[in-house]
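A quick write-up on the structure given underneath.
Throughout, read-outs are computed from the coordinates displayed, never taken from laboratory work. If you're wondering where the values come from, they're calculated on a predicted model, not measured in any experiment. Using ideal geometry, Cβ is built from the backbone for each residue, glycine included, and neighbour counts are taken over all protein chains shown.
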Amino acid sequence: MKRRSFIKSTSLVGAATLLPASALAARRLVEQDLGGVVNTGPVVLSTWDFGRAVPEAAIKTLHLGGSLIDAVENAVKIPESDPQVTSVGYGGYPDREGRVTLDACIMDGNGNCGSVVFLEHIMHPVSVARLVMEKTEHVMLAGEGALQFALKHGFRKRQLLTEQAAAAFKEWLKTSRNKKAGVDKTNHDTIGLLAMDGKGNMAGACTTSGMAWKIRGRVGDSPLIGAGLYVDNDVGAATATGLGEAVIKVAGSFLIVELMRNGKSPQAACRLALERILHKQPHYAERNDFLAGFIALRRDGEVGACSYRKGLQYTLFKDSAIRVVDAEFIAT
């Protein structure tokens, strides 16, 4: 997918929670570390550059009185339904059998979450994940069971393999079918998105069609709570992009939130998570196709992002403006 450019900056027009004593103590410790400062305006942070419509959808939802869960869902549904995005939802490149399978999760800052994996024929897997969170006692549904659940709740089956993706698949069969699937600058565009209101409440979503040409049945980090996404109102939130297997091995997003809980900045926490991957799995550094990165948002509004290799961008709405920023990277 050729990334679409857009203007990098644009202006856009309670009751106390009852918590157990231990949770209150942990929250006060975090607030003390932050100097008691809590963000005073909405913040939206997402991986890559999927266009200004993505953060604008989240902000518009909040301005119209929608919830944070509404906001993150509405935002990531935009790339899910865009046929030009070849790694998320409709238009996503298929597995090595020519079938498009989708993964997604959604989470709020109080630990409520839902996920779907290996889902076929449904345009918006993030919306199905939300229903899993809100309508069942479960966290994750998979495959045929996830599809039947979606159909039961009014979703319609769709053909998700576009002509563009089908043509790319045919070309892959001719030239590369005997090569292992990999993640690089052309095969990485999972969207993970984090949002926060003016009181420090947070939510996040992550959705993808996964690695192109993957073995059928493969699931990466994106729908896994704690790997591809983790949100905690007491501390902050993180989400991942790139090679899901590497992120899963260190529970990357949960690790970043816990590092922030223990005093690390969002930027330092993202870098330390990548360093943990490379320390435990040093062979990744030898691969030309290895790409992994994280973004993080702390409850005071500070953000961080780091990638193993140069190229990761993130989109940030903060202080009434949208910016696309090049993330820090480790490898030279």
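Overview of results
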item: Filter on LYS174/LYS214; LYS157/LYS249; LYS135/LYS214; LYS60/LYS199 - keep pairs with C-alpha separation over 25 Å; result: LYS157/LYS249; LYS135/LYS214
item: Ranking of TYR314, TYR284, TYR308, TYR230 by count of other Cβ atoms within 10 Å, fewest first; result: TYR284, TYR308, TYR314, TYR230
item: Part-to-part distance (alpha-carbon centres) for segment 90-136 and segment 282-299, which is given in Å; result: 23
item: Stokes-Einstein translational diffusion, segment 37-329 - Kirkwood Rh over all Cα pairs, 1.567 mPa s, 4 °C, in µm²/s; result: 70
item: Trypsin sites (Lys or Arg not before Pro) within segment 64-160, DSSP loop, no more than 10 other Cβ atoms inside 10 Å; result: ARG156
item: Loop-resident sites, segment 289-332, for trypsin sites (Lys or Arg not before Pro), counting at most 16 other Cβ within 10 Å (DSSP); result: LYS310
item: Contour excess over end-to-end distance, with Cα ends at GLN281 and ASN262 and 0.36 nm allotted per residue; result: 4.4 nm
item: In nm, spacing of pseudo-spin labels at GLU163 and HIS63 (7 Å Cα→C-beta vector); result: 3.7
